[in-house]
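These notes are about the structure you will find just below.
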Amino acid sequence: MSKSETTRQKILETTAWLIGQYGIEKSSLSMIANSVGIQKPSIYYYYSSKEELVDAVFTWILDGYSFERYFPIISYTKENFVEKIISDGLQLLIEESTDTQMLVVQVLNEFLLYGNRESSHNKEYRLKIKDVQEGFFNGFLDLLQKGVEFRLIDSKGLREKASILALTLDNLPNYPMIGIQLDVAAVWRQTIESVVSKEGELI
(Lines give C-alpha, C1' and ligand atoms only; values in the text may rest on other atoms or scores of the structure.)
Protein backbone atom coordinates (compact mmCIF):
# COMPACT_ATOMS: atom_id res chain seq x y z
CA MET A 1 0.00 0.00 0.00
CA SER A 2 1.42 3.39 -1.02
CA LYS A 3 1.84 6.26 1.43
CA SER A 4 -1.12 8.03 -0.19
CA GLU A 5 -3.35 4.95 0.16
CA THR A 6 -2.18 4.47 3.75
CA THR A 7 -3.10 8.07 4.59
CA ARG A 8 -6.49 7.74 2.91
CA GLN A 9 -7.19 4.59 4.93
CA LYS A 10 -6.10 6.30 8.14
CA ILE A 11 -8.41 9.23 7.40
CA LEU A 12 -11.33 6.82 6.92
CA GLU A 13 -10.58 4.87 10.10
CA THR A 14 -10.05 8.01 12.16
CA THR A 15 -13.22 9.66 10.87
CA ALA A 16 -15.22 6.52 11.64
CA TRP A 17 -13.85 6.47 15.19
CA LEU A 18 -14.61 10.17 15.72
CA ILE A 19 -18.12 9.78 14.32
CA GLY A 20 -18.68 6.89 16.71
CA GLN A 21 -17.46 9.01 19.63
CA TYR A 22 -18.83 12.47 18.84
CA GLY A 23 -21.33 12.12 16.01
CA ILE A 24 -21.18 13.34 12.43
CA GLU A 25 -21.88 17.01 13.01
CA LYS A 26 -19.33 17.42 15.85
CA SER A 27 -16.56 15.58 14.02
CA SER A 28 -14.87 18.49 12.27
CA LEU A 29 -12.20 18.29 9.60
CA SER A 30 -9.81 19.97 12.05
CA MET A 31 -10.40 17.20 14.59
CA ILE A 32 -9.90 14.57 11.91
CA ALA A 33 -6.70 16.16 10.63
CA ASN A 34 -5.25 16.53 14.13
CA SER A 35 -6.05 12.90 14.96
CA VAL A 36 -4.50 11.66 11.71
CA GLY A 37 -1.46 13.87 12.17
CA ILE A 38 -1.84 15.94 9.01
CA GLN A 39 -2.79 19.52 8.19
CA LYS A 40 -6.46 20.22 7.54
CA PRO A 41 -5.88 21.31 3.90
CA SER A 42 -4.28 17.92 3.24
CA ILE A 43 -7.68 16.23 3.66
CA TYR A 44 -8.89 18.03 0.53
CA TYR A 45 -6.29 16.14 -1.48
CA TYR A 46 -8.28 12.98 -0.73
CA TYR A 47 -11.84 14.30 -0.25
CA SER A 48 -13.32 17.46 -1.72
CA SER A 49 -15.57 18.13 1.28
CA LYS A 50 -16.61 16.80 4.66
CA GLU A 51 -19.78 15.44 3.01
CA GLU A 52 -17.72 13.38 0.56
CA LEU A 53 -15.57 12.06 3.42
CA VAL A 54 -18.64 11.13 5.46
CA ASP A 55 -20.11 9.35 2.43
CA ALA A 56 -16.84 7.43 2.01
CA VAL A 57 -16.90 6.35 5.67
CA PHE A 58 -20.48 5.15 5.30
CA THR A 59 -19.61 3.11 2.20
CA TRP A 60 -16.49 1.73 3.89
CA ILE A 61 -18.40 0.65 7.00
CA LEU A 62 -21.09 -1.12 4.95
CA ASP A 63 -18.69 -2.63 2.42
CA GLY A 64 -19.01 -6.39 2.53
CA TYR A 65 -21.51 -6.31 5.41
CA SER A 66 -24.10 -8.63 3.93
CA PHE A 67 -26.03 -11.74 4.88
CA GLU A 68 -24.38 -13.93 2.25
CA ARG A 69 -20.92 -13.01 3.48
CA TYR A 70 -21.62 -14.48 6.90
CA PHE A 71 -24.30 -17.07 6.04
CA PRO A 72 -23.43 -18.64 2.65
CA ILE A 73 -26.67 -20.54 2.09
CA ILE A 74 -25.21 -22.77 -0.61
CA SER A 75 -22.90 -24.39 1.94
CA TYR A 76 -25.73 -25.51 4.24
CA THR A 77 -26.71 -29.19 4.31
CA LYS A 78 -29.21 -31.20 6.29
CA GLU A 79 -26.36 -32.56 8.41
CA ASN A 80 -24.71 -29.23 9.28
CA PHE A 81 -27.73 -26.94 9.23
CA VAL A 82 -28.24 -26.06 12.91
CA GLU A 83 -24.60 -25.98 13.98
CA LYS A 84 -23.67 -23.93 10.91
CA ILE A 85 -26.26 -21.25 11.66
CA ILE A 86 -24.83 -21.06 15.17
CA SER A 87 -21.19 -20.95 14.05
CA ASP A 88 -21.80 -18.51 11.20
CA GLY A 89 -23.67 -16.15 13.54
CA LEU A 90 -20.90 -16.36 16.13
CA GLN A 91 -18.35 -15.50 13.45
CA LEU A 92 -20.16 -12.19 13.02
CA LEU A 93 -20.80 -11.66 16.74
CA ILE A 94 -17.54 -12.82 18.30
CA GLU A 95 -14.65 -13.37 15.88
CA GLU A 96 -14.41 -9.67 15.08
CA SER A 97 -12.91 -7.76 18.00
CA THR A 98 -15.28 -6.20 20.52
CA ASP A 99 -13.86 -2.76 19.71
CA THR A 100 -14.60 -3.26 16.02
CA GLN A 101 -18.15 -4.44 16.71
CA MET A 102 -18.87 -1.48 18.97
CA LEU A 103 -17.42 0.98 16.46
CA VAL A 104 -19.55 -0.37 13.61
CA VAL A 105 -22.69 -0.31 15.76
CA GLN A 106 -22.01 3.22 17.00
CA VAL A 107 -21.28 4.56 13.53
CA LEU A 108 -24.29 2.91 11.90
CA ASN A 109 -26.55 4.19 14.67
CA GLU A 110 -25.20 7.70 14.10
CA PHE A 111 -25.78 7.45 10.35
CA LEU A 112 -29.31 6.20 10.98
CA LEU A 113 -30.08 9.15 13.26
CA TYR A 114 -28.35 11.59 10.92
CA GLY A 115 -30.30 10.31 7.94
CA ASN A 116 -33.59 11.01 9.73
CA ARG A 117 -32.79 14.67 10.36
CA GLU A 118 -34.33 17.30 8.14
CA SER A 119 -30.95 18.97 7.69
CA SER A 120 -29.23 15.74 6.69
CA HIS A 121 -26.89 15.93 3.71
CA ASN A 122 -27.81 12.47 2.52
CA LYS A 123 -31.21 10.92 3.20
CA GLU A 124 -29.92 7.79 1.49
CA TYR A 125 -28.13 6.73 4.69
CA ARG A 126 -31.35 5.54 6.29
CA LEU A 127 -32.50 3.79 3.12
CA LYS A 128 -29.16 2.01 2.62
CA ILE A 129 -29.11 0.79 6.23
CA LYS A 130 -32.70 -0.37 5.74
CA ASP A 131 -31.58 -2.32 2.66
CA VAL A 132 -28.85 -4.06 4.67
CA GLN A 133 -31.25 -4.93 7.48
CA GLU A 134 -33.84 -6.22 5.02
CA GLY A 135 -31.08 -8.24 3.39
CA PHE A 136 -30.46 -10.06 6.66
CA PHE A 137 -34.19 -10.61 7.23
CA ASN A 138 -34.73 -11.96 3.72
CA GLY A 139 -31.56 -14.01 3.98
CA PHE A 140 -32.74 -15.70 7.16
CA LEU A 141 -36.11 -16.29 5.53
CA ASP A 142 -34.43 -18.06 2.60
CA LEU A 143 -32.19 -20.02 4.96
CA LEU A 144 -35.11 -21.16 7.11
CA GLN A 145 -37.00 -22.16 3.97
CA LYS A 146 -34.07 -24.39 3.13
CA GLY A 147 -34.44 -25.90 6.61
CA VAL A 148 -38.09 -26.62 5.79
CA GLU A 149 -36.99 -28.37 2.60
CA PHE A 150 -34.60 -30.47 4.69
CA ARG A 151 -37.60 -31.32 6.94
CA LEU A 152 -35.81 -29.82 9.90
CA ILE A 153 -38.10 -26.85 10.54
CA ASP A 154 -41.84 -26.39 10.83
CA SER A 155 -42.99 -24.14 8.00
CA LYS A 156 -45.37 -22.19 10.26
CA GLY A 157 -44.34 -18.67 11.19
CA LEU A 158 -41.19 -18.53 9.06
CA ARG A 159 -41.33 -14.73 8.71
CA GLU A 160 -41.59 -14.32 12.47
CA LYS A 161 -38.71 -16.75 13.00
CA ALA A 162 -36.58 -14.88 10.47
CA SER A 163 -37.42 -11.63 12.27
CA ILE A 164 -36.30 -13.08 15.61
CA LEU A 165 -32.95 -14.15 14.16
CA ALA A 166 -32.34 -10.82 12.40
CA LEU A 167 -33.33 -8.77 15.45
CA THR A 168 -31.21 -10.86 17.81
CA LEU A 169 -28.17 -10.64 15.56
CA ASP A 170 -28.66 -6.89 15.14
CA ASN A 171 -29.18 -6.09 18.82
CA LEU A 172 -26.75 -8.33 20.70
CA PRO A 173 -23.73 -6.09 19.97
CA ASN A 174 -25.57 -3.09 21.47
CA TYR A 175 -25.51 -4.34 25.05
CA PRO A 176 -21.78 -3.95 25.77
CA MET A 177 -22.09 -0.28 24.79
CA ILE A 178 -24.39 0.32 27.77
CA GLY A 179 -22.38 -1.82 30.15
CA ILE A 180 -24.43 -5.02 30.00
CA GLN A 181 -22.22 -8.06 29.52
CA LEU A 182 -23.93 -11.09 28.02
CA ASP A 183 -22.79 -14.57 27.11
CA VAL A 184 -23.30 -13.84 23.42
CA ALA A 185 -22.57 -17.41 22.35
CA ALA A 186 -25.12 -18.84 24.77
CA VAL A 187 -27.80 -16.30 23.80
CA TRP A 188 -27.28 -16.91 20.08
CA ARG A 189 -27.33 -20.70 20.51
CA GLN A 190 -30.52 -20.53 22.59
CA THR A 191 -32.13 -18.28 19.97
CA ILE A 192 -31.30 -20.74 17.19
CA GLU A 193 -32.50 -23.73 19.20
CA SER A 194 -35.75 -21.92 19.99
CA VAL A 195 -36.39 -20.92 16.39
CA VAL A 196 -35.07 -23.97 14.56
CA SER A 197 -37.44 -26.45 16.11
CA LYS A 198 -40.16 -28.79 14.97
CA GLU A 199 -43.31 -29.85 16.80
CA GLY A 200 -41.99 -28.56 20.10
CA GLU A 201 -38.79 -30.60 20.03
CA LEU A 202 -35.37 -29.02 19.57
CA ILE A 203 -33.46 -30.24 16.57
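For the chain, the solvent-accessible area works out to 56 Å² per residue, with a probe of 1.4 Å and every protein chain left in place.
With the simple model of a label 7 Å out from the Cα in the direction of the Cβ, D183 to Q145 spans 3.6 nm.
Using a probe radius of 1.4 angstrom, the carbon and sulfur fraction of the accessible surface of the chain is 51%.
Based solely on its DSSP helices, what 222 nm [θ] is calculated for the chain when runs of n ≥ 4 H residues each add -39,500 (n - 2.57) and the sum is averaged over all residues, nearest 500 deg cm²/dmol? Value at 222 nm, helices only: -20500 deg cm²/dmol. For K128, the lysines whose Cα comes closer than 21 Å to its Cα, not counting residues fewer than 8 places off in the same chain, are K50. Which percent of the Cα-Cα distances in the chain go past 29 Å? Considering the chain, 35 percent of its Cα-Cα pairs are separated by more than 29 Å. Helix 81-90 axis versus longest C-alpha principal axis of the chain: approximately 20°, rounded to the nearest ten.
Which value in nm describes the separation of the simple spin-label points at N171 and I94, placed 7 Å from the Cα toward the beta carbon? With each label point 7 Å from Cα toward Cβ, the separation is 2.2 nm. Fully extending the segment from D131 to E79, taken as 0.36 nm per residue of separation minus the present Cα-Cα distance, adds 15.6 nm.
The values are calculated or read from the model by the stated rules, or taken from the named source; none is laboratory data. Note that the structure is predicted; figures quoted are calculated from it, not measured. FYI the Cβ positions are ideal-geometry reconstructions off the backbone, even for glycines, and counts take in every protein chain you see. These accessible areas exclude ligands, DNA and RNA; they are computed on the full protein's heavy atoms, side chains included. Shrake-Rupley method; radii C 1.70, N 1.55, O 1.52, S 1.80 Å.
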